[in-house]
Amino acid sequence: MKRLVLIAGVLIPIVVIAWTLPSNAHRGKRGWKSRKAPMAALELSAEQRTKLESLNLDRGKKMAQLRADLKVARLDLHAAMRQDNPDPAEVKARVAAVNNARSLILESRVNHRLKVNSVLTPEQRNKLREMRRDRPGRAFRKMWRKRGYGKGFQGMGESDRDSRVEKPSSI
């Protein structure tokens with residue numbers, strides 16, 4: 001009985017402390033704070049800062065609309081595919097709408113990056129390029145993709161083990 005009380009006396013405070021921690025304590029330096037550090041390292045002028053804030057606000061509004069359009073297009077595609085006998089022409093049109101929404105999102109990302117680059121000086125662009133290259137987690141993502149993960153069905157081919165085994169040649 002004493003042992004049970006002792007264990008409960010130790011475990012309850014640990015559980016209470018873990019419960020009261022912020023829910024994002026495991027994230028570390030992620031989130032909006034991590035975006036401010038690179039911008040501070042670029043030593044932006046006041047004019048550049050206001051231009052970039054304006055560009056980011058415009059991009060945020062546009063991306064919210066584009067993501068909503070993509071979600072609607074995907075829902076329409078799923079609705080068309082859920083029918084007992086889906087019309088191939090309608091499904092093809094829904095797939096085209098999804099692909100169009102995706103391409104608009106990609107185009108918006110590329111245009112935003114070009115606009116940001118036009119605001120920065122060449123030295124700032126080089127510094128930003130180096131910071132992007134050296135950001136945390138990049139090596140892990142590279143290894144993850146090298147092993148075939150994160151590529152959809154492209155990475156579903158033969159494994160490294162299968163490629164080392166000699167395969168009989170057909171005569």
Worksheet entry | Surrounding net charge for residue 82, when Lys and Arg each add one and Asp and Glu each subtract one, Cβ distance under 15 Å | -2
Fill in: Rounded FRET efficiency, nearest 0.05, which uses the C-beta distance separating residue 85 from residue 16 and R0 of 41 Å
0.10
Practice prompt. Sort all Cα-Cα distances of the stretch 50-130 into consecutive 5 angstrom bins from zero, then give the percent of pairs in each bin up to the one containing the longest distance.
Written response: 3, 14, 17, 16, 13, 10, 9, 7, 6, 4, 2, 0
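Values quoted throughout were computed directly from the atomic coordinates according to the rules given, and no laboratory measurement underlies them. The structure displayed is predicted, hence computed values, not measured ones. We place every Cβ from the backbone using ideal geometry, glycine too, and count neighbours over all the protein chains shown.
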